[in-house]
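Data first, discussion second: the structure below is written as structure tokens.
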Amino acid sequence: IHSIISAALDLAVRYEWTDRNAAKNARPPHPRKREPDPPSPEQAARLLNLVWAEDEEFGLYLWTAFTTGARRGEVTALRENRFDFTHQQVRVSANYIVKQGTRIEKPPKTGDGRLLSLDLLTCELFRERFQRRRTEAAQLGVAVPEDAYAFSPDPAGRTPWNPDTMTHRYRRYARRIGITSSLKELRHYSATQLLTAGTDLNTVAGRLGHAEGSTTLRFYAQFTRPADQHAAAVIPAQLDGLRKRERLRELYRQTPSGN
């Protein structure tokens, strides 16, 4: 609102309708910081069970978003040849967006992309999906290229899903579980759960594609009650132990020799 009013008054000064732009002296308020609201682990489990029973491909998409913390467009842009099942890794090297009807595949925000480790179960899920897709495509007389998109409406995987389609799908399923937050909150979920479990900040920042850990803490690490309770107990326990030790030393010094 401040920007619009200021621009309008600048135009009025140029047209000599007014002598000055009074909005220049106004200081716009700081925007309120939005509190992250990712689903709870229980909600995440219920959501995955629901989606997997009705839409297996989208279930794997959400599983990938939950477990990697990758951005919506990064998951959408994953290709088969970026997976290395032998070393349990996947390279996130693109971000897929649709802007004003134009489909754009560009590098991730960090530039060169990043290599993410995968657990054995995730590797098995993707390997099975890729093998099944090739079997089904062969029955239709279609060849699946090596660089096929992991998630695609095309049997051969030549084109990815529109990221907005995934957002709308998520919203429909999330409402049935009682989740009110958006698909983007799955990045908050990943960061929060990893940090709460004791994963170091640099590793979490690297998985999410942040250049600095401060970005991870500022935007994606939800304040969690268990972590806060643990933090609250660390220093008191340390000081209490030292206090008791010093007290025992005092008592020992005061005790007469031989008693």
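Here is how the numbers come out for the structure above:
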| item | result |
| --- | --- |
| Gyration tensor verdict on the chain (Cα atoms; rounded if a/c is under 1.5, prolate if a/b is larger than b/c, oblate otherwise) | oblate |
| Accessible area of region 1-105 belonging to carbon and sulfur atoms, whole % at 1.4 Å probe | 51 percent |
| Max mean-square fluctuation residue, GNM over the chain, Cα-Cα springs under 10 Å, options GLY59, GLY141, GLY206 | GLY141 |
| Value at 222 nm in deg cm²/dmol, rounded to 500, when DSSP H runs of n ≥ 4 in the chain each add -39,500 (n - 2.57) | -16500 deg cm²/dmol |
| Peptides 60-69, 78-87 ordered by average Cβ neighbours within 10 Å, highest first | 60-69, 78-87 |
| Cβ-defined net charge surrounding GLY69, 12 Å radius [Lys, Arg +1; Asp, Glu -1] | +4 |
| For region 12-21, 3J(HN,Hα) per residue [Karplus equation, 6.51 cos²θ - 1.76 cosθ + 1.60, θ = phi - 60°, Hz, x = Gly/Pro] | 5, 5, 5, 7, 6, 8, 8, 7, 8, 9 |
| Rounded if a/c under 1.5, otherwise prolate or oblate - region 57-188, Cα gyration tensor axes | rounded |
| GNM result for the chain, Cα springs below 10 Å: residue of LYS109, LYS99, LYS244 fluctuating most strongly | LYS244 |
| Proximal lysine pairs, the chain, alpha carbons under 24 Å, eight or more residues apart or interchain | 6 |
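The values are calculated or read from the model by the stated rules, or taken from the named source; none is laboratory data. Keep in mind that what you see is a predicted model, and the values were worked out from it rather than measured. In this analysis, Cβ positions are derived from the backbone assuming ideal geometry, glycine residues included, and neighbour counts consider all displayed protein chains. Quick note on the areas: whole protein, heavy atoms, side chains included, nothing else; ligands and nucleic acids left out. Shrake-Rupley method; radii C 1.70, N 1.55, O 1.52, S 1.80 Å.
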